[in-house]
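The values are calculated or read from the model by the stated rules, or taken from the named source; none is laboratory data. Keep in mind that what you see is a predicted model, and the values were worked out from it rather than measured. Every residue, glycine as well, gets a Cβ built from its backbone with ideal geometry; the counts of neighbours run over all protein chains shown. Heavy atoms of the whole protein, side chains included, go into the accessibility calculation; ligands, DNA and RNA do not. Shrake-Rupley method; radii C 1.70, N 1.55, O 1.52, S 1.80 Å.
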Amino acid sequence: MNRISKLFFRKKKNVLNIYFTAGYPKIDDTLRIARALQGAGTDIIEIGVPYSDPIADGPTIQDSSQKALDAGMSLKLLMRQLQGLRKHISIPVILMGYINPILQYGFMEFCRDCKEVGIDGVILPDLPMQEYMEIYQRTFEEYGIYNIFLMTPQTSKQRILQINEVSKGFVYMVSSASITGAKRDISQGQIDYFERIKKMNLSVERLIGFGISNKNTFDNACKYAAGAIIGSAFINQLNKDASDEAITSFVGSIIN
């Protein structure tokens, strides 16, 4: 069983997924940060593959990606860094990125290497569902890699049901029609959206992302989904202090 499925089999609430950019703040920080996140109690690690032309990333993540790219980070280098991943990390690990670098890398090679290093899933915001189903789904399934789809407040009911049908692991529930970025509160409009989706009783678990930044927003999101995703707020923490102790303190401030 995929590690993501194992996680949701045993844990139905308050699942914490933390995102960070590969190669940031230092190019060789990737595995160290992953180990620190696991040790602090994170449930899922989401590693961002830096890309020069993102469509969903806000200024904080864009800046971290550009600095990582400037330092020499690439998908090939990341795969080399992840060779020792499963010696230290037992929780699910997801790669978040865009389809163009994967096609440049070679799609079959990417799936093969993900399986080899122990990647459980990928989030590709610019991969259309129809294209996934027609071209990529069979290979992802052959290598045991989950493709995590996104839904937004504007996603139609028909589309949501289709996402639910083809999804494995969880669906990334984007909290608002915006780019990523830490926010202090969740609006009433977002709550209405969360409640609307919750009432649909979908079979696949959901994690809420975009704007989740602290214990308050995390706890609120967890009322309407299995858990939530924190990205920009954690990158901001790494900007201030990327030590293992600071990472442990940050995660503790969310889950304790």
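Miscellaneous remarks
- Aspartates and glutamates whose Cα lies under 13 Å from that of Lys115, excluding same-chain neighbours fewer than 8 positions away: Glu141, Glu142
- Other residues with beta-carbon under 12 Å from the beta-carbon of Tyr143 carry, at +1 per Lys or Arg and -1 per Asp or Glu, a net charge of -3.
- Net charge of Cβ neighbours under 15 Å - reference Gln104; Lys, Arg +1; Asp, Glu -1: -3
- Asn147 long-range amide H proximity, modeled H, under 5 Å: Val122, Lys168
- With a threshold of 26 Å on the Cα-Cα distance, the over-threshold entries among Lys168/Lys240; Lys13/Lys76; Lys11/Lys198 are Lys168/Lys240; Lys13/Lys76.
- Probe 1.4 Å, accessible area per residue of region 9-122, Å²: 41
- Close amide H partners of Tyr19, meaning residues 5 or more places away or on another chain with modelled amide H under 5 Å apart, are Glu46, Ile230, Gly231.
- Accessible area (Å², 1.4 Å probe, nearest 10) - Glu245: 130
- Anisotropy class of the chain from Cα gyration tensor, a/c 1.5 cut: rounded
- Region 127-172 and region 205-243 have their alpha-carbon centroids 22 Å apart.
- Sorting Thr155, Thr248 on solvent-accessible area from highest to lowest, probe radius 1.4 Å, gives Thr248, Thr155.
- Across q = 0.10 Å⁻¹, region 1-92 modelled as identical point scatterers on its alpha-carbon atoms has Debye log10 I(q)/I(0) values of -0.28, in the order of the q list.
- Carbon + sulfur, % of accessible area of region 4-65 - ligands and nucleic acids excluded, 1.4 Å: 50
- Cα centroid of region 5-24 to Cα centroid of region 95-124, whole Å: 18
- Estimated distance in nm for a label pair at Ile135 and Lys199, the labels positioned 7 Å out from Cα along Cα-to-Cβ: 3.8
- Whichever aspartates and glutamates have a C-alpha closer than 19 Å to that of Lys87, once near sequence neighbours (fewer than 8 apart) are set aside: Asp28, Asp29, Asp43, Glu46, Asp113, Glu116, Asp120, Asp244
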